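Some notes on the structure that comes next.
The values are calculated or read from the model by the stated rules, or taken from the named source; none is laboratory data. Everything numeric here is computed off the predicted structure, so don't read it as measured data. Neighbour counts run over all protein chains shown; Cβ positions are idealised from the backbone, glycine included. Just the protein is used for accessible areas: all its heavy atoms, side chains included, with ligands, DNA and RNA removed. Shrake-Rupley method; radii C 1.70, N 1.55, O 1.52, S 1.80 Å.
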Amino acid sequence: MVIKTLAHKFLKIAYYIIVSLIVARTLGNPEIWMNDDLTNQLGHLLHGPGEIGADNFYDMYFYISLITVFPITTLIYYLTMKLIKKLRSK
């Protein structure tokens, strides 16, 4: 029984990671879909004016990508788990 529970948890974690990789690859580089002006304003807000260099700029793209990918992944994961639970109960 414990092994079955651990296997279910492992599969759910693996599924979440796979979905997040698919979402991240589907969205592509944030340089493509993110507005440069908004990224620049966020950089000035977080790092201060005059402190936003190329490294900080690409860090901002990375953080924005993370902040975007994980909520989308969580929503997809939640909806698919609800769907699976509903299909199993029938």
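When the residues of segment 54-82 are filtered to those that are over 16 Å from GLY43 (Cβ atoms) and aliphatic (A, V, I, L, M), the one that is surrounded by the most Cβ atoms within 10 Å (Cβ to Cβ) is VAL69. Are any of the residues in segment 35-42 farther than 30 Å from MET81 by Cα and in a loop (DSSP other than H, G, I, E, B)? For segment 35-42, residues farther than 30 Å from MET81 by Cα and in a loop (DSSP other than H, G, I, E, B): present.
Right, THR26: open to solvent by 80 Å² or more (accessible area, probe 1.4 Å), of a type in the set (S, T, N, Q) and modelled with pLDDT of 90 or more or not?
Values: open to solvent by 80 Å² or more (accessible area, probe 1.4 Å): yes; of a type in the set (S, T, N, Q): yes; modelled with pLDDT of 90 or more: yes.
Taking the combined requirement at face value, the residue satisfies it.
As for segment 83-90, it holds at least one residue that is at pLDDT below 85 and either open to solvent by 60 Å² or more (accessible area, probe 1.4 Å) or among the aromatic types (Phe, Trp, Tyr) (or both). Before we move on, is TYR16 touching a helix residue (DSSP H, G or I) at 6+ places or on another chain (Cβ under 8 Å) and in contact (Cβ under 8 Å) with a residue 40 or more places away in the chain? Yes: the conditions hold for TYR16. Among the conditions (1) more than 27 Å from TYR77 (Cβ to Cβ); (2) in a helix (DSSP H, G or I), the only one that GLY50 does not satisfy is (2).
Out of ILE3, ILE22, ILE64, which single residue is of a type in the set (Val, Ile, Thr), in a helix (DSSP H, G or I) and within 18 Å of MET81 (Cβ to Cβ)?
Numbers: ILE3 fails: within 18 Å of MET81 (Cβ to Cβ); ILE64 fails: within 18 Å of MET81 (Cβ to Cβ).
Criteria check complete, one pass: ILE22.
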